[in-house]
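Enquirer: After the structure tokens below, expect a handful of questions from me.
The values are calculated or read from the model by the stated rules, or taken from the named source; none is laboratory data. This one's a predicted model, so the numbers in the text were calculated from it and none came from an experiment. When we count neighbours, we look across all protein chains shown, and the Cβ atoms used for this are built from the backbone with ideal geometry, even at glycine. Areas reflect the complete protein model, heavy atoms only, side chains present, ligands, DNA and RNA absent. Shrake-Rupley method; radii C 1.70, N 1.55, O 1.52, S 1.80 Å.
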Amino acid sequence: MNESAKIKKLTHRYNTNRIICISDIHGELDLFKRLLEKINYRAGETLFILGDLYTKGSQGPETLKFLMELDKNENVYMLRGNCDWLEDFLSPQEALWLEALPDIIETDEYIFVHSGLEFTDLALHKPATVKKYDGFLETAPAFEEWLFSKWLVVGHWPVAMYCHGIPCSNPIIDEKRKIISIDGGHCNKPDGQLNAFIIENNKFSFESVDKHPTQRIDKPQEASGGNLSITWLDRFVELAEDGEKLCRVKHLKTGTILTVPKSQVWTEDQNRTAICDMATDYHLPVSAGDTVSVVEAFPDRIFAKKDGISGWIKL
């Protein structure tokens, strides 16, 4: 297809001081509502939702209907993501609404796109690229070659997949290239979360929610490791030691030996062994009495998250 990406340009100034950016809701309406409540969102505030709206999660049809109603409000703007395909449950009206969503939104100060951009000239883009630019922060041209005059806000690629030492699901702000990546990995990573990136009076902040149960920690632990977090693009390993719940693997790129959940080890084409999620040597620093989100529990340890950062806690 030779069609150009649909660009929506907003030239007016917003009537509120706060801009809220959320991406990759993935059909989890209850979690989305929790996030809106946590940030005290009010109708009329400026809200950008950057695609991947209703697929993968357990509440796809309900999420779509809610977003269509939300889209009627002033200062609410939505993009279509790579996973926003035409599901069988869509009515003709819903399909038309989806097809009409833009691929890029440009304002006086910001550019919003689902996954990334190839060119600084927005008119050169095709829908497929702006919806699915995997690993954008690491594969986009270097700062010296590629720079926007406006901040670029993207979702799509979970930010933890950029973390090669300590896994973190909080938004990443690349000040040199003026890129903000906000996808917390909800519905794509076991330790994912749904982020709301907030711009207020030219200052950046964020809030997040997740679906994990919580646990109170009884004994302190200092931080250790943080040398390797296996990411999707470097996911290949070989099995070093098997086990019932946990096993040890050797990361092929670095040679590092890690203890990882056996449930996260799989075989890809050509019999290559791979692992990505929950594969890190990082141990979270915690104090007695801290409360953490528990991603998965094992007899002698838990894989947990605190303040958006994931790692192991020995019990």
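Enquirer: (1) of a type outside the set (D, E, K, R); (2) touching an Asp or Glu at 6+ places or on another chain (Cβ under 7 Å); (3) within 28 Å of residue 213 (Cα to Cα): which one isn't true of residue 273, the others all being true?
Expert: (3)
Enquirer: State which residue is modelled with the lowest pLDDT when the search covers only segment 87-120 and only residues that are within 22 Å of the chain's Cα centre (by Cα) and among the hydrophobic types (A, V, I, L, M, F, W, C).
Expert: Residues of segment 87-120 within 22 Å of the chain's Cα centre (by Cα): 98, 101-106, 110-118.
From what is left, the residues that are among the hydrophobic types (A, V, I, L, M, F, W, C) are 98, 101, 104-105, 111-113, 117.
Working: 98: 96, 101: 97, 104: 97, 105: 96, 111: 95, 112: 97, 113: 97, 117: 91.
Going through the qualifying residues, I end up with 117.
Enquirer: Still on this structure, please answer the following. Go through 87, 94 for me and flag whichever is out of contact with any Asp or Glu (no Cβ under 7 Å at 6 or more places or on another chain), in contact (Cβ under 8 Å) with a residue 24 or more places away in the chain, open to solvent by less than 30 Å² (accessible area, probe 1.4 Å) and of a type in the set (Asp, Glu). Give the steps one after another, and end with the answer.
Expert: Working: 87 fails: open to solvent by less than 30 Å² (accessible area, probe 1.4 Å).
Checking each option against the conditions leaves just 94.
Enquirer: Of all residues in segment 121-150 being surrounded by 15 or more Cβ atoms within 10 Å (Cβ to Cβ) and among the hydroxyl-bearing types (Ser, Thr, Tyr), which is modelled with the highest pLDDT?
Expert: Selected residue: 133.
Enquirer: With more than 22 Å from residue 157 (Cα to Cα), modelled with pLDDT of 95 or more and of a type in the set (Gly, Ala, Ser) as the only criterion, which of 279, 223 stands out? Spell out how you get there, then give the answer.
Expert: Values: 279 fails: more than 22 Å from residue 157 (Cα to Cα).
Of 279, 223, the one residue that is more than 22 Å from residue 157 (Cα to Cα), modelled with pLDDT of 95 or more and of a type in the set (Gly, Ala, Ser) is 223.
Enquirer: Are any of the residues in segment 194-208 assigned to a loop (DSSP other than H, G, I, E, B) and in contact with a strand residue (DSSP E or B) (Cβ under 8 Å, 6 or more places away or on another chain)?
Expert: Let us first name the residues in segment 194-208 that are assigned to a loop (DSSP other than H, G, I, E, B), namely 201-202.
Remaining after also requiring in contact with a strand residue (DSSP E or B) (Cβ under 8 Å, 6 or more places away or on another chain): none.
Within segment 194-208, none of the residues are assigned to a loop (DSSP other than H, G, I, E, B) and in contact with a strand residue (DSSP E or B) (Cβ under 8 Å, 6 or more places away or on another chain).
The rows are residues; the columns are (1) over 23 Å from the mean Cα position of the chain (by Cα); (2) more than 19 Å from residue 230 (Cα to Cα); (3) not hydroxyl-bearing (Ser, Thr, Tyr).
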| site | (1), (2), (3) |
| --- | --- |
| 267 | yes, no, no |
| 298 | yes, yes, yes |
| 302 | no, no, yes |
| 307 | no, yes, yes |
| 312 | no, no, yes |
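Enquirer: Out of all the residues in segment 214-224, is one or more out of contact with any Asp or Glu (no Cβ under 7 Å at 6 or more places or on another chain) and either surrounded by 20 or more Cβ atoms within 10 Å (Cβ to Cβ) or of a type in the set (A, V, I, L, M) (or both)? Lay out the reasoning, then the answer.
Expert: Filtering segment 214-224 down to residues out of contact with any Asp or Glu (no Cβ under 7 Å at 6 or more places or on another chain) leaves 214-216, 218-224.
Still in the list and also either surrounded by 20 or more Cβ atoms within 10 Å (Cβ to Cβ) or of a type in the set (A, V, I, L, M) (or both): 223.
Yes; the residues of segment 214-224 include at least one that is out of contact with any Asp or Glu (no Cβ under 7 Å at 6 or more places or on another chain) and either surrounded by 20 or more Cβ atoms within 10 Å (Cβ to Cβ) or of a type in the set (A, V, I, L, M) (or both).
Enquirer: Is segment 233-242 home to any residue that is open to solvent by 80 Å² or more (accessible area, probe 1.4 Å) and of a type in the set (A, V, I, L, M, F, W, C)? Show your work before the answer.
Expert: Let us first name the residues in segment 233-242 that are open to solvent by 80 Å² or more (accessible area, probe 1.4 Å), namely 233, 238-239, 241-242.
Restricting the remaining residues to those that are of a type in the set (A, V, I, L, M, F, W, C) gives 233, 239.
Yes.
Enquirer: When segment 16-31 is examined, which residues are found to be assigned to a strand (DSSP E or B) and either modelled with pLDDT under 95 or β-branched (Val, Ile, Thr) (or both)? Spell out how you get there, then give the answer.
Expert: The initial filter retains those residues of segment 16-31 that are assigned to a strand (DSSP E or B), namely 18-22.
Selection gives 18, 19, 20, 22.
Enquirer: A follow-up question, please. Here are 286, 260, 249: which of them is open to solvent by less than 40 Å² (accessible area, probe 1.4 Å) and in contact (Cβ under 8 Å) with a residue 60 or more places away in the chain?
Expert: Working: 260 fails: in contact (Cβ under 8 Å) with a residue 60 or more places away in the chain; 249 fails: in contact (Cβ under 8 Å) with a residue 60 or more places away in the chain.
Every option except 286 fails the conditions.
Enquirer: List the strands (runs of 3 or more DSSP E) inside segment 246-315, counting only whole elements, that have at least 1 residues being of a type in the set (S, T, N, Q).
Expert: Details: elements: 246-251, 257-261, 291-298, 301-306, 309-314.
Filter on segment 246-315 gives 257-261, 291-298, 309-314.
Enquirer: Can you name every residue in segment 63-72 that is in contact with an Asp or Glu (Cβ under 9 Å, 6 or more places away or on another chain) and either modelled with pLDDT under 95 or open to solvent by 50 Å² or more (accessible area, probe 1.4 Å) (or both)?
Expert: Once the filter is applied, which keeps residues that are in contact with an Asp or Glu (Cβ under 9 Å, 6 or more places away or on another chain) and either modelled with pLDDT under 95 or open to solvent by 50 Å² or more (accessible area, probe 1.4 Å) (or both), segment 63-72 yields only 65.
Enquirer: Tell me the residue from 34, 80, 13 that is open to solvent by 30 Å² or more (accessible area, probe 1.4 Å), over 17 Å from residue 208 (Cα atoms) and at pLDDT 95 or above, please. Before you say what the answer is, go through the steps one by one.
Expert: Values: 34 fails: over 17 Å from residue 208 (Cα atoms); 13 fails: at pLDDT 95 or above.
The conditions single out 80.
Enquirer: Does at least one position in segment 33-41 carry a residue that is under 30 Å from residue 123 (Cα atoms), within 22 Å of the chain's Cα centre (by Cα), β-branched (Val, Ile, Thr) and outside any helix (DSSP H, G or I)?
Expert: No, that holds for no residue.
Enquirer: Sticking with this structure for a sec: Please go through segment 37-50 and pick out each residue that is at pLDDT 95 or above and surrounded by 15 or more Cβ atoms within 10 Å (Cβ to Cβ).
Expert: Taking segment 37-50 as the starting set, the residues that turn out to be at pLDDT 95 or above are 37-41, 47-50.
Selection gives 39, 41, 47, 48, 49, 50.
Enquirer: Can you give me the number of residues within segment 158-193 that are at negative phi, in contact with a Gly (Cβ under 6 Å, 6 or more places away or on another chain) and of a type in the set (A, V, I, L, M, F, W, C)? Talk me through it step by step, then tell me what you get.
Expert: Of the residues in segment 158-193, the ones at negative phi are 158-177, 179-184, 186, 188-193.
With the extra rule that they be in contact with a Gly (Cβ under 6 Å, 6 or more places away or on another chain), the set shrinks to 158, 160, 165-166, 168-170, 182-184, 186, 192-193.
Still in the list and also of a type in the set (A, V, I, L, M, F, W, C): 160, 166, 168, 182.
Residues flagged as at negative phi, in contact with a Gly (Cβ under 6 Å, 6 or more places away or on another chain) and of a type in the set (A, V, I, L, M, F, W, C) within segment 158-193 amount to 4.
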